[in-house]
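To start, the structure itself, in structure tokens.
The values are calculated or read from the model by the stated rules, or taken from the named source; none is laboratory data. Since we're looking at a predicted model, the values are computed, not measured. Here Cβ is always computed from backbone atoms with ideal geometry, including for glycine, and neighbour counts include all displayed protein chains.
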There are 4 protein chains.
Amino acid sequence: MFKVGVVGGTGYTGVELLRLLALHPGVAPSVITSRGEAGTAVSDMFPNLRGHIDLRFTEPDVGRLAECELVFFATPNGTAMKMVPELLRSGTRVVDLAADFRLKDPALWERWYGMPHECPDLLPEAVYGLPEMNRAAVAKARLVANPGCYPTAVTLGFLPLLEAGLIDADSLIADAKSGVSGAGRKASVNALMGECGESFKAYAVPGHRHQPEIRQVLGSILAEPPALTFVPHLVPMIRGINATLYGRLTAEPGDLQALFEARYRGEYFVDVMPAGSHPETRSVRGVNQCRLAVHRPQGGETVVVLSVIDNLVKGAAGQAVQNMNLMLGLEERLGLEAIGLLP
Amino acid sequence: MFKVGVVGGTGYTGVELLRLLALHPGVAPSVITSRGEAGTAVSDMFPNLRGHIDLRFTEPDVGRLAECELVFFATPNGTAMKMVPELLRSGTRVVDLAADFRLKDPALWERWYGMPHECPDLLPEAVYGLPEMNRAAVAKARLVANPGCYPTAVTLGFLPLLEAGLIDADSLIADAKSGVSGAGRKASVNALMGECGESFKAYAVPGHRHQPEIRQVLGSILAEPPALTFVPHLVPMIRGINATLYGRLTAEPGDLQALFEARYRGEYFVDVMPAGSHPETRSVRGVNQCRLAVHRPQGGETVVVLSVIDNLVKGAAGQAVQNMNLMLGLEERLGLEAIGLLP
Amino acid sequence: MFKVGVVGGTGYTGVELLRLLALHPGVAPSVITSRGEAGTAVSDMFPNLRGHIDLRFTEPDVGRLAECELVFFATPNGTAMKMVPELLRSGTRVVDLAADFRLKDPALWERWYGMPHECPDLLPEAVYGLPEMNRAAVAKARLVANPGCYPTAVTLGFLPLLEAGLIDADSLIADAKSGVSGAGRKASVNALMGECGESFKAYAVPGHRHQPEIRQVLGSILAEPPALTFVPHLVPMIRGINATLYGRLTAEPGDLQALFEARYRGEYFVDVMPAGSHPETRSVRGVNQCRLAVHRPQGGETVVVLSVIDNLVKGAAGQAVQNMNLMLGLEERLGLEAIGLLP
Amino acid sequence: MFKVGVVGGTGYTGVELLRLLALHPGVAPSVITSRGEAGTAVSDMFPNLRGHIDLRFTEPDVGRLAECELVFFATPNGTAMKMVPELLRSGTRVVDLAADFRLKDPALWERWYGMPHECPDLLPEAVYGLPEMNRAAVAKARLVANPGCYPTAVTLGFLPLLEAGLIDADSLIADAKSGVSGAGRKASVNALMGECGESFKAYAVPGHRHQPEIRQVLGSILAEPPALTFVPHLVPMIRGINATLYGRLTAEPGDLQALFEARYRGEYFVDVMPAGSHPETRSVRGVNQCRLAVHRPQGGETVVVLSVIDNLVKGAAGQAVQNMNLMLGLEERLGLEAIGLLP
């Protein structure tokens, strides 16, 4: 059993990580930190964990964290970069669920996150933790930048088309919709049920932090980052992301269904659904799965890809555990074989 | 007070129509038909109408309906076309909330609705009831085809751009999202709360009946119907449509905000929000309003228009009353000046 | 047109009050205050009010408020009591939607609200604004304490039974359920959609502030305040209260349905539904209505009353306008004749 | 690996059973029947099962079912009683998730379920499958009647108080609230999201089938069935039951918290929460758990018990698997150790 730690266990990605780790047969969560809740029993804050997690939140302390084989950061953006250098020096490996190590360009980070990066020297080394693209690199990484929720759904959907060079990289449109847990578990007016229940809206149309992240990841396939129009929306539900992706064909594409199936053959966590399908977010509720369907409506020039994930699992905590499994040499799917909760 | 009738008053557009008509100062609902519920008091089926509507459902009877100045059809597709010819002959005017008279081409109707049209001779005469495009024609019409919910939201959003010739008519994408009341009030598994609550999905990606309707309407502005990719989605809420519209600029557009404001100046039921806005469906809950915002993310080549309506009001019953007001020579906004129910 | 003011217009009761006042034919809202949002256009904060309210929030200022005939307080508990004495002295009448003037006993206030009362001398004068009990007194009042949402639903349900002396006053149980808008529009973790969506729970079982209020009101019918077990619950919806009330019969009750109908005959805002009914909260969504049904399951000794209201309307802003109408000598139902938004 | 079968796998209890059985390490689901869907792959109907269940629905056939060690019936009421006698004769054991074998009195069955019982001779033998009451009998049973969802939540909450003789058996009130999945997965108007979303109501106040079931179970503790007022309500959410239970103390009760903890010590699936708690349904979402809290508001004469379960798990499929484990001599918690999905 590997000892693992979680820094910042009081948000939604934190509790989801604890849920997955508590039942994981290969690791033992041994430190959970929270500056604000130090001393509180984890299961007092999250009653679903009663009987499964006996730990109390503690003050973050690099010394204690360094006793872990691997530490997850489920903290607000800008926190991990303050502690990661010391942890890495002590030999502990890190999966950061926040955005600190996702963008390779520190100037881009500063522009979108509003603060200078505190350890830009680590950015080249950090591996973008999308195993379906970077499996081998993740396995060897000391530091993994766990992808954002939208970037995971969008990238897995565009990947086969871009790798095959079938769509115009300057016509990409990602119309993405997320449940409200994506906004985190912090006091705010905007995420009140009275504000976002029974309503639907787009937000951040002028610019969203996940847009440069997606461009960077897709750019690693192409010669350069594509022109991407990315519009996120807020759905009155708790979990789930649906990304509807549009690309303009540049060539006769052949059998798109076969292309997608071939790309993801053997990928346990990506399910290409039968031709004509419409994946529902509930089919992946609580599980580390991306379900995809590819359409070419009425044989036209536009390809439509539907991509669904649970933003807290394949979009955050589940993918982090998938990365951990690879890093620790465990079976990649260990602890991640649950079935989506439907209905 | 004009006498008006409603054929098929037991669905969601029916009850919404009754809600609006009950308080309308210029008309008196005097016949409400339902084959299945004949004899039932309307307010027994819809308790919100207790104290406001004293009628009982009756068997549909053209004779009694013909005593009305105007009759609404809130029936399933294919019903109105059986009764409308006789009603028109008797001098009663008609607003059909179903699709029977929306498509001008009877072959297109048959292909999308799966039945031959029974009075194709009336199709040329029927006026497409989007007052913001066809106000004068509506006022004189004997027969108005009330637009579909998606077509209303999509058309009002694209209109200023297409009229100004600013976007490529072969790049149009409409990513639309609707609450579940759009599926109607009939027994079905798919619209159970257990099936569509807490989940999100696209549907009908290969083809949806509103796609040819939108192409026809937009085509009336252009030389020919545009190539439109239309993807509808189901949102876990009851009321509301949000359409996110994408068009590729073909020329330097100038001030898009000013363009939209100019197009809809004086339109009481279309509200162009301030630059940078993100309209929410709840802001139009229960009211005959379309709220629009226009964006050009990061100054790129793609224009994004956000358009929200209440699918049951501006997308159905409210627009029908707006058309009725025009047809009867009443003030266009009569009975339609409520304020959206927020929260 | 009477000039009216609203102190604290940024919460849910505030915006609801503005929605009702904006369309009210007898009054003109002329001052809306908010310390935090002074200078902001009301319709920038609440887009549903665009085109209906042109005011901006201003700093609360007794001088300006005193120019109004009547002022509403839609403020947190403890605010009104600081300003009301001066306003009354200037001749302006007041409806307080908060709790400051509901409890007659200042010691009880201090115990439940955690602060000393600042003008206990006004408590005897304040009229509890439940018109169905206190209509005449409301009409003459300078100061009306608008009832709490739960007390309104519970009191109207128990009233006929207690006035008739049919149930044991020491066996009263009120199992009440409220939508989340009851928690107000302020940043908090507990009211996040991620916390209260798709879940149900009881809260405040050891004691809730509305319990002494209900006891006081019911006590005004009885010789003394009854023993009441009051358990509130949080429902994953935005608007609506359902109170399920249990009382033990002390005598053969005769025709309970007739009793209820007789008690509320002529009461426009209380609707006794037909025998055997189960009122739904949605039937009163957005309207100033209480719907009641009375049951005696299997002829046993327990009477069950079902009472539904919209917590923001008959439970707050609508009742406040009803009180205002009485106080200003207007028709009681003026501006309150909308129809519930269903679905 | 024991072979098990499921008759009627297309409803919500069916798919939930399949979810639990698919990952259960001790059994192999080998037959899943559905008259209407014979031939369909299970995972085509329930995409969450893709990759986990390879079976197709087959016509119900006693011969094939008899090859199973144990068969579950997840059928509508009245179906199991037609097939169970033959299955038992062939040596297959049965857990019926419907109501066919819950009531001991065939006349009571006929009255509440509207059809004569077809094998009343089996009723005495059938064991009521609430392991926390009847563990030993379940283990030896050929035929287990899996309890209703409401009866599970209500019985576990009242049990300690009634066993200890602390409350008046003629004052019992159970105010219960259920998510909509309790209504099943069949086409109906009442369970449409448009009908039950964003609304709350009581139903079946004059009488609900679970009332005689609860009385029978509680009556097995007492000298005779108690007088129980049972009022169910519909909550706009998918999963979860909350029962708020009221009993009148007949004696000074001592330490109620200790009483509950003692009663359920060692019960893995019943969690007595700390004094003062308010269990949320989401804390048991997807898991075979009942969470309880006991209150005595303000030291009065009424005890309030809060009891939450997931109606599809501890209220149906999970309890069925728990019973199966006991019957097959497996560890009782095998396959049932998941953690509730929160948020």
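Conditions (1) under 30 Å from B:Phe200 (Cβ atoms); (2) outside the structural domain of A:Cys68 (by TED's automatic domain parsing); (3) part of a loop (DSSP other than H, G, I, E, B), marked per residue:
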| site | (1), (2), (3) |
| --- | --- |
| A:Lys104 | no, no, yes |
| A:Ala107 | no, no, no |
| A:Pro116 | no, no, yes |
| A:Asp170 | yes, yes, yes |
| A:Gly182 | yes, yes, no |
| A:Arg185 | yes, yes, yes |
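Could you check segment A:226-248 and list, in sequence order, the residues that are touching a Leu at 6+ places or on another chain (Cβ under 6 Å) and either among the hydrophobic types (A, V, I, L, M, F, W, C) or at pLDDT below 95 (or both)? Of everything in segment A:226-248, just one residue is touching a Leu at 6+ places or on another chain (Cβ under 6 Å) and either among the hydrophobic types (A, V, I, L, M, F, W, C) or at pLDDT below 95 (or both), namely A:Leu228. From the list A:Pro29, A:Pro25, A:Pro116, A:Pro47, the one residue that fits, being loosely packed, with under 15 Cβ neighbours inside 10 Å, within 14 Å of another protein chain (Cβ to nearest Cβ) and at pLDDT 95 or above, is A:Pro25.
Tell me the residue from C:Leu97, C:Leu103, C:Leu161 that is at pLDDT 95 or above and in contact with a Gly (Cβ under 8 Å, 6 or more places away or on another chain), please. Don't jump to the end; show me each part of the working.
Numbers: C:Leu97 fails: in contact with a Gly (Cβ under 8 Å, 6 or more places away or on another chain); C:Leu103 fails: in contact with a Gly (Cβ under 8 Å, 6 or more places away or on another chain).
Selected residue: C:Leu161, the only one of C:Leu97, C:Leu103, C:Leu161 that is at pLDDT 95 or above and in contact with a Gly (Cβ under 8 Å, 6 or more places away or on another chain).
Residue check: C:Glu224 meets all listed conditions (1) surrounded by 22 or more Cβ atoms within 10 Å (Cβ to Cβ); (2) acidic (Asp, Glu); (3) more than 12 Å from chain D (Cβ to nearest Cβ) but one, namely (1).
From the list A:Phe200, A:Phe230, pick out the single residue that is within 14 Å of another protein chain (Cβ to nearest Cβ), among the aromatic types (Phe, Trp, Tyr) and touching a Ser or Thr at 6+ places or on another chain (Cβ under 7 Å).
Numbers: A:Phe230 fails: touching a Ser or Thr at 6+ places or on another chain (Cβ under 7 Å).
After applying the criteria, what remains is A:Phe200.
When B:Gly340 is tested against (1) closer than 25 Å to A:Leu172 by Cβ; (2) among the small types (Gly, Ala, Ser); (3) within 12 Å of chain C (Cβ to nearest Cβ), exactly one condition is not met: (1). Here segment D:251-307 is the region considered, the condition is being within 11 Å of another protein chain (Cβ to nearest Cβ) and at positive phi, and the residue that is surrounded by the most Cβ atoms within 10 Å (Cβ to Cβ) is D:Gly286. Just to be sure, is C:Glu69 crowded, with 16+ Cβ neighbours inside 10 Å, acidic (Asp, Glu) and in contact (Cβ under 8 Å) with a residue 24 or more places away in the chain? For C:Glu69, the condition - crowded, with 16+ Cβ neighbours inside 10 Å, acidic (Asp, Glu) and in contact (Cβ under 8 Å) with a residue 24 or more places away in the chain - is met.
Does segment A:167-190 hold any residues that are of a type in the set (S, T, N, Q) and more than 13 Å from chain B (Cβ to nearest Cβ), and which are they? Walk me through how you get there before you give the answer.
Residues of segment A:167-190 of a type in the set (S, T, N, Q): A:171, A:178, A:181, A:188, A:190.
Listed by number, the list holds a single entry, A:Ser188.
Could you tell me how many of the residues in segment B:274-298 are assigned to a loop (DSSP other than H, G, I, E, B) and under 21 Å from the mean Cα position of the chain (by Cα)? Before you say what the answer is, go through the steps one by one.
Taking segment B:274-298 and keeping what is assigned to a loop (DSSP other than H, G, I, E, B), we get B:274-279, B:285-289, B:296.
Okay, now just the ones that are also under 21 Å from the mean Cα position of the chain (by Cα), so B:279, B:285-289.
Counting residues in segment B:274-298 that are assigned to a loop (DSSP other than H, G, I, E, B) and under 21 Å from the mean Cα position of the chain (by Cα) gives 6.
Being within 19 Å of the chain's Cα centre (by Cα), modelled with pLDDT of 95 or more, part of a loop (DSSP other than H, G, I, E, B) and crowded, with 18+ Cβ neighbours inside 10 Å is a condition met by no residue of segment D:197-204.
Evaluation of D:Ala223 against the conditions (1) closer than 30 Å to B:Leu234 by Cβ; (2) modelled with pLDDT under 95 shows that the sole unmet condition is (1).
Condition (residue is part of a loop (DSSP other than H, G, I, E, B), under 19 Å from the mean Cα position of the chain (by Cα) and closer than 28 Å to A:Gln257 by Cβ) applied to segment A:149-165: is it met by at least one residue? For segment A:149-165, residues part of a loop (DSSP other than H, G, I, E, B), under 19 Å from the mean Cα position of the chain (by Cα) and closer than 28 Å to A:Gln257 by Cβ: absent. Checking each residue in segment B:15-53 for being under 19 Å from C:Thr281 (Cα atoms) and in a loop (DSSP other than H, G, I, E, B) picks out B:Phe46, B:Arg50, B:Gly51, B:His52.
Here D:Glu213 meets each of (1) in contact with a Gly (Cβ under 8 Å, 6 or more places away or on another chain); (2) within 13 Å of chain C (Cβ to nearest Cβ); (3) more than 20 Å from B:Ile238 (Cα to Cα); (4) at pLDDT 95 or above with one exception, condition (2).
Residues in segment B:209-224 that are in contact (Cβ under 8 Å) with a residue 40 or more places away in the chain and within 12 Å of B:Tyr150 (Cβ to Cβ): 6 in all.
Only one entry in B:Thr79, B:Thr58, B:Thr75, B:Thr10 is in contact with a Ser or Thr (Cβ under 7 Å, 6 or more places away or on another chain), among the hydroxyl-bearing types (Ser, Thr, Tyr) and in contact (Cβ under 8 Å) with a residue 40 or more places away in the chain, namely B:Thr10. Per the conditions (1) more than 13 Å from chain C (Cβ to nearest Cβ); (2) at pLDDT 95 or above, the sole criterion not satisfied by B:Arg35 is (2). C:Ala320 meets all of the listed conditions (1) within 19 Å of C:Gly240 (Cβ to Cβ); (2) assigned to a loop (DSSP other than H, G, I, E, B); (3) more than 14 Å from chain B (Cβ to nearest Cβ) but one, namely (2). For segment D:299-317, residues that are in a helix (DSSP H, G or I) and over 13 Å from D:Asn288 (Cα atoms) total 1. Within segment D:1-13, the residues that satisfy the criterion of being closer than 23 Å to D:Ala66 by Cβ, at pLDDT 95 or above and buried (at least 24 other Cβ atoms within 10 Å of the Cβ) are D:Val4, D:Gly5, D:Val6, D:Val7, D:Thr13.
Among the residues in segment C:122-144, are any outside any loop (DSSP other than H, G, I, E, B), among the hydroxyl-bearing types (Ser, Thr, Tyr) and surrounded by fewer than 22 Cβ atoms within 10 Å (Cβ to Cβ)? Don't jump to the end; show me each part of the working.
First, the residues of segment C:122-144 that are outside any loop (DSSP other than H, G, I, E, B): C:122, C:127-128, C:131-140, C:143-144.
Now restrict to residues that are among the hydroxyl-bearing types (Ser, Thr, Tyr): C:128.
Pick out the ones that are also surrounded by fewer than 22 Cβ atoms within 10 Å (Cβ to Cβ) and you get none.
No, every residue in segment C:122-144 fails to be outside any loop (DSSP other than H, G, I, E, B), among the hydroxyl-bearing types (Ser, Thr, Tyr) and surrounded by fewer than 22 Cβ atoms within 10 Å (Cβ to Cβ).
Within segment B:140-159, residues that are within 15 Å of B:Leu123 (Cβ to Cβ) and not assigned by TED's automatic domain parsing to the domain that holds B:Thr229 reach partners that are basic (Lys, Arg) and surrounded by 24 or more Cβ atoms within 10 Å (Cβ to Cβ) with beta carbons closer than 6 Å, at six or more positions or on different chains, in the pairs B:Ala145/B:Arg102.
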